Amino acid sequence: MKLSRRRLQKGATSVEFALVFLIFLTFVLAVTDFSRMLYTWNAAGEATRAGARYAAVCDDTFNQAAVLARMQNVLPQITTINVLWEDELGNTSCTPATCAGVTVTIVGLQYRWISPIAGLAALAPMAMPTFKTYLPREIMGQDPNSSTICP
């Protein structure tokens, strides 16, 4: 039985389409994954800013769990933070009356890849850099621009 040339051409076209589609799909997934990584990076910076603002403005300044909860509203993957309240000399043993500012740091944030290319290259999650924000102390419990920052 002899196969026609047209039938052989259809099979070759299907194989070529499958190969090109696989490359295209890998590229689309890689672009999507890289975009997710940039979003996570930006959200982590925004979360440290929001946490430092909450710690500098609100009455319960020495409540690290409340600061973490505020930061998790922006980026739920955050599990570990450091909050340091400092006086003007850099001492961390200050009271709400003597604190000059607060530093909020995200520690150990990991980014998990979803695309197969990144997953094959490195199966372990990627460690994100340390994100840190310092804000000077404001009038505790009062923010002239917003009444919703402190619950």
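Just for the range 71-106: of the residues that are farther than 24 Å from Y39 by Cβ, part of a loop (DSSP other than H, G, I, E, B) and polar (S, T, N, Q), which one is modelled with the lowest pLDDT?
T95
So which of A47, A56, A69, A43 ends up being in contact with a Phe, Trp or Tyr (Cβ under 8 Å, 6 or more places away or on another chain) and closer than 17 Å to T133 by Cβ?
Residue meeting the stated conditions: A47.
When you go through (1) crowded, with 16+ Cβ neighbours inside 10 Å; (2) at pLDDT below 80; (3) closer than 19 Å to G51 by Cβ; (4) of a type outside the set (G, A, S) one by one for W113, which number turns out not to apply?
So W113 meets the others, but not (3).
If you check every pair at least six apart or on different chains, which have Cβ atoms under 6 Å apart with a residue in the range 28-42 that is under 11 Å from M126 (Cβ atoms) first and a residue that is at pLDDT 85 or above and of a type in the set (G, A, S) second?
Within 6 Å, no pair qualifies.
Looking only at residues in the range 31-62 that are aliphatic (A, V, I, L, M) and under 18 Å from the mean Cα position of the chain (by Cα), which one is nearest to D87 (Cα to Cα)?
Out of the qualifying residues, it is A52.
Which one of these does P129 not meet: (1) in a helix (DSSP H, G or I); (2) modelled with pLDDT of 85 or more?
Result: P129 fails condition (1) only.
The values are calculated or read from the model by the stated rules, or taken from the named source; none is laboratory data. Please read all numbers here as calculations on a predicted model, not as lab measurements. Neighbour counts run over all protein chains shown; Cβ positions are idealised from the backbone, glycine included.
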